[in-house]
Amino acid sequence: MKFAVIVFPGSNCDLDMYNAVVDVLGEDVDYVWHTATDLSAYDGILVPGGFSYGDYLRCGAIAQLAPVMTEVRKAAAEGKFVLGVCNGFQVLTEAGLLPGALIRNNSLKFRCHPVGLRVENANTAFTRDYAQGEVVTIPIAHGEGNYYCDEETLASLKANGQIVFTYDGVNPNGSVAGIAGISNEAGNVVGMMPHPERAVSELLGSADGAKMFTSVLNAWRERNGAASTR
């Protein structure tokens with residue numbers, strides 16, 4: 001399996017994402033600049049955290065106009081696996097690949113600490129190695145992680161099983177229904193505010209994020225058959 005880590009001006013979690021793929025999976029991974037116009041060589045697209053374009057206008061509002069995002073939309077439509085984390089989640093919502101929006105934390109403060117997450121849907125490409133209802137520890141680091149959507153969209157998310165993660169216990173940012181991560185209807189595109197790439201080893205305080213990466217590799221292997229694995 002081959003991964004692309006998308007890099008925008010202002011991305012700062014691209015190195016963490018790259019290293020998570022290498023350390024957890026040992027699979028091929030490239031940094032892909034925001035000007036790229038072809039992602040056909042990649043099976044998984046990872047949109048990392050940071051402050052793309054300085055978060056000017058709105059978080060992700062400028063990044064979603066970058067040339068590479070045309071290719072990310074195309075990859076998602078083709079059923080390829082796409083994960084957006086923190087700023088990457090914001091970019092995916094701005095790009096229309098996921099519903100809703102991320103707004104200022106209700107505390108109006110930047111929150112940076114581990115949180116408990118409950119796995120609400122263990123059937124997506126990125127969560128299949130977790131147990132339904134499992135509670136994991138993943139760190140957050142954001143000032144605009146307050147997920148918002150209208151009541152109609154929330155009802156649709158619930159009905160379609162698109163709520164992937166919720167905060168267990170304290171809601172750190174005021175997100176509607178405690179939402180920490182969602183997917184598209186097909187389950188191949190996932191966005192989340194917490195950082196699984198920063199929780200892939202006990203040396204980092206938690207290894208609970210590693211299953212996000214093993215999950216998508218196993219989904220890809222299942223799709224392509226044993227002959228496609230290394």
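The values are calculated or read from the model by the stated rules, or taken from the named source; none is laboratory data. None of the values given here were measured: they were computed from a predicted structure. Using ideal geometry, Cβ is built from the backbone for each residue, glycine included, and neighbour counts are taken over all protein chains shown. These area figures cover heavy atoms from the full protein model, side chains too; ligands, DNA and RNA do not enter into them. Shrake-Rupley method; radii C 1.70, N 1.55, O 1.52, S 1.80 Å.
The GNM of the chain, with springs linking C-alpha atoms under 10 angstrom apart, assigns the highest mean-square fluctuation among TYR167, TYR18, TYR56 to TYR56. Rounded, prolate or oblate for the chain? Axes are the square roots of the Cα gyration tensor eigenvalues, ordered a ≥ b ≥ c, and the cut-off for rounded is a/c under 1.5. Because its axes are fairly even, with a/c under 1.5, the chain counts as rounded.
Placing pseudo-labels 7 Å out from each Cα toward the beta carbon at ALA101 and GLU134 gives an inter-label distance of 3.5 nm.
In what sequence, highest mean first, do 104-112, 89-97 appear when ranked by Cβ atoms within 10 angstrom?
Working: 104-112: 13.1, 89-97: 24.3.
Sorting 104-112, 89-97 by mean packing, highest first, produces 89-97, 104-112.
How much length would be gained if the chain were fully extended between TYR56 and ALA186, taking 0.36 nm per residue of separation minus their Cα-Cα distance, in nm to one decimal?
On the way: separation 130, 0.36 × 130 = 46.80 nm, distance 3.09 nm.
Using 0.36 nm per residue and subtracting the Cα-Cα distance, I get 43.7 nm.
Span-like helix criteria (full DSSP H runs; alpha carbon extent of at least 20 Å along the helix axis; mean Kyte-Doolittle hydropathy of at least -1.0) are satisfied in the chain by 210-224.
From the helices alone, meaning DSSP H stretches of at least four residues, give me the mean residue ellipticity at 222 nm for the chain, per-run term -39500 (n - 2.57), in deg cm²/dmol to the nearest 500.
Numbers: 5 runs with 50 residues, N = 230.
Estimated from H runs of four or more residues: -6500 deg cm²/dmol.
Size check on the stretch 170-230: the Cα extents along the three principal axes, sorted descending, read 45, 35, 11 Å. Computed from the Cβ-Cβ distance with R0 of 41 Å, the FRET efficiency linking LEU108 to ASN224 stands at 0.35.
Report the number of Lys pairs in the chain whose alpha-carbons are under 27 Å apart, with separation of 8 or more residues or on distinct chains.
Details: LYS2/LYS74; LYS2/LYS80; LYS2/LYS211; LYS74/LYS158; LYS74/LYS211; LYS80/LYS158; LYS80/LYS211; LYS158/LYS211.
So the count of such lysine pairs works out to 8.
Accessible area per residue for the chain, computed on protein heavy atoms with a 1.4 Å probe, is 41 Å². Per-atom-type breakdown for the stretch 50-171 gives carbon and sulfur 53% of the accessible area (1.4 Å probe, protein chains only). With coordinates expressed along the principal axes, the C-alpha atoms belonging to the stretch 18-136 extend over 38, 36, 26 Å, beginning with the largest. Using only the Cα atoms of the stretch 81-197, build the gyration tensor, take square roots of its eigenvalues as a ≥ b ≥ c, and label the shape rounded, prolate or oblate: rounded if a/c is under 1.5, else prolate if a/b is larger than b/c, else oblate. Judged from the Cα gyration tensor, the stretch 81-197 comes out rounded (a/c under 1.5).
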